[in-house]
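Working notes, structure below.
The values are calculated or read from the model by the stated rules, or taken from the named source; none is laboratory data. Note that the structure is a prediction, hence the values are computed from the model and not measured. Cβ placement follows ideal geometry from the backbone for every residue including glycine, while neighbour counts extend to all protein chains displayed. Areas reflect the complete protein model, heavy atoms only, side chains present, ligands, DNA and RNA absent. Shrake-Rupley method; radii C 1.70, N 1.55, O 1.52, S 1.80 Å.
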Amino acid sequence: MLKSYTPLALKKRMVKTGKAILDGWHMLSEPLYWLYEKRLHREVTQSGLALPKHIGMILDGNRRFAKQAGLGLDYGYDMGASKAEEVLEWCLELGIHHVTMWIFSTENHKRSLEEKDTLFKLFKREAEKMLANPRLHENRVKVKLIGDIKDFPQDVQEALMRLEEKTKDYDAMLLNIAVGYGGREEITYAVRHWLEHNLQAGKSLEEVKNTLSPEVIERYLYTAGSPDPDFVIRTSGEIRLSGFLLWQSAYSEYYFCDVFWPSFRRLDFLRALRNFQARQRRFGQ
């Protein structure tokens with residue numbers, strides 16, 4: 001005999017049934033994802049094709065991730081910070097020795113005081129957490145700040161600079177943290193410091209003009225001493241650079257991923273690397 005339901009009871013039953021189906025699908029799909037991830041890992045590591053030497057990452061979508069989850073901004077940023085740690089581990093495992101992560105742009109200063117306060121507290125906490133993490137020291141990860149943090153709260157500046165100072169002699173991996181960073185501002189900074197250096201040396205404008213070259217400018221960029229990024233990944237579905245490493249990424253390969261940064265999986269990372277390996281780089285030739 002068929003049971004009858006009121007409209008409300010029927011709706012609740014449908015929701016319950018839908019959740020049960022979704023839970024069942026997750027139970028079935030997780031092993032499939034695991035197998036696919038294992039296959040991708042083999043393809044990427046055993047293909048004989050080169051991996052990127054330097055990956056630049058635009059960590060986008062933290063706020064939209066939090067909104068979609070119906071939770072506060074601090075949740076999105078906390079999850080984003082945890083994901084950055086996880087991705088760094090993936091890079092260590094694969095032997096990628098240069099990574100640049102963009103976590104705060106010059107334009108982000110225009111955000112609300114409340115949001116910036118949340119971010120500044122997060123930066124301080126994460127800098128202290130990284131410094132206390134034995135994995136950072138065991139793997140000799142050198143952390144370098146690229147950008148302008150002079151407008152950050154003093155305690156945040158000190159925490160970030162302490163992390164940079166304590167790791168400055170490490171040489172196995174370089175992690176550039178782009179914080180207070182803008183590509184145009186970096187190029188302006190480089191030209192200004194090149195001019196100041198020449199003026200202090202007593203050189204005339206004519207002498208200075210004749211020595212200007214791309215190689216000279218590169219020596220004054222925040223990233224001086226690092227190879228240009230081979231590969232730039234941006235999450236969240238946005239298809240633009242927004243000023244990220246404008247000079248350095250002239251011949252980079254780009255990959256735009258639809259998932260929000262906190263949802264970026266190892267599977268997504270391996271797919272991106274496989275995509276990179278399938279490309280033929282010509283450097284404008």
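Taking amide H atoms as placed 1.01 Å from N in the peptide plane, the amide H of GLU253 lies under 5 Å from those of PHE231, VAL232, each 5 or more residues away in sequence or on another chain.
State which entries of LYS168/LYS203; LYS83/LYS150; LYS38/LYS83; LYS38/LYS124 exceed 24 angstrom in Cα-Cα distance in the structure shown.
Numbers: LYS168/LYS203 32 Å; LYS83/LYS150 26 Å; LYS38/LYS83 20 Å; LYS38/LYS124 36 Å.
Long pairs (Cα-Cα over 24 Å): LYS168/LYS203; LYS83/LYS150; LYS38/LYS124.
Between GLU115 and LEU195, what is the FRET efficiency for a Förster distance of 30 Å, r being their Cβ-Cβ separation, to the nearest 0.05? All intermediate terms of the calculation are to be shown ahead of the outcome.
Details: r = 36 Å, r/R0 = 1.19.
So the FRET efficiency works out to roughly 0.25.
Net charge of the neighbourhood of THR100, taken over other residues with C-beta under 11 Å away and scored Lys/Arg +1, Asp/Glu -1, is 0. Note on VAL208 and GLN277: their simple-model spin labels are 4.9 nm apart, each label 7 Å out from Cα toward Cβ.
Any chance you could tell me what percent of the C-alpha pair distances in segment 128-285 go past 25 Å?
47 percent
If you wrap the Cα atoms of segment 19-178 in a convex hull and average its projected area over all directions, you get 11.6 nm².
Could you order the peptides 209-219, 43-53, 144-154 from most to least packed, using the average number of other C-beta atoms within 10 Å per residue?
Ranked from most to least packed, the peptides come out as 144-154, 43-53, 209-219.
Any idea of the accessible area per residue across segment 84-171, 1.4 Å probe, to the nearest Å²?
Numbers: 4690 Å² over 88 residues.
I get 53 Å² per residue for segment 84-171.
Using 0.36 nm per residue of separation minus the Cα-Cα distance, give me the extension gain between GLU238 and ARG64 in nm, one decimal.
On the way: separation 174, 0.36 × 174 = 62.64 nm, distance 1.20 nm.
Gain in length upon complete extension: 61.4 nm.
Taking the square roots of 5 times each eigenvalue of the Cα gyration tensor of segment 187-261, largest first, gives ellipsoid semi-axes of 34, 11, 9 Å.
Please quote Rg/Rh for the chain to two decimal places, taking the Kirkwood radius as Rh and restricting both calculations to Cα atoms. Each step should come with its number before you reach the end.
On the way: Rg = 22.9 Å, Rh = 21.5 Å.
Answer for the chain: 1.07.
With contacts defined as alpha carbon pairs under 8 Å and 6 or more residues apart, what's the relative contact order of the chain in percent? Provide the component values of the computation, followed by the final result.
Details: 356 pairs, mean separation 74.3, N = 285.
Reported relative contact order: 26 percent.
Full extension of the segment from GLN46 to LYS129, taken as 0.36 nm per residue of separation minus the current Cα-Cα distance, would add 26.5 nm. Based on the alpha-carbon gyration tensor of segment 229-282 and its eigenvalue square roots a ≥ b ≥ c, which shape applies: rounded if a/c is under 1.5, prolate if not and a/b is larger than b/c, or oblate? Oblate.
Mean separation of Cα pairs under 8 Å and 6+ residues apart, divided by the residue count of segment 128-259: what relative contact order is that in percent?
Relative CO of segment 128-259 lands at 23 percent.
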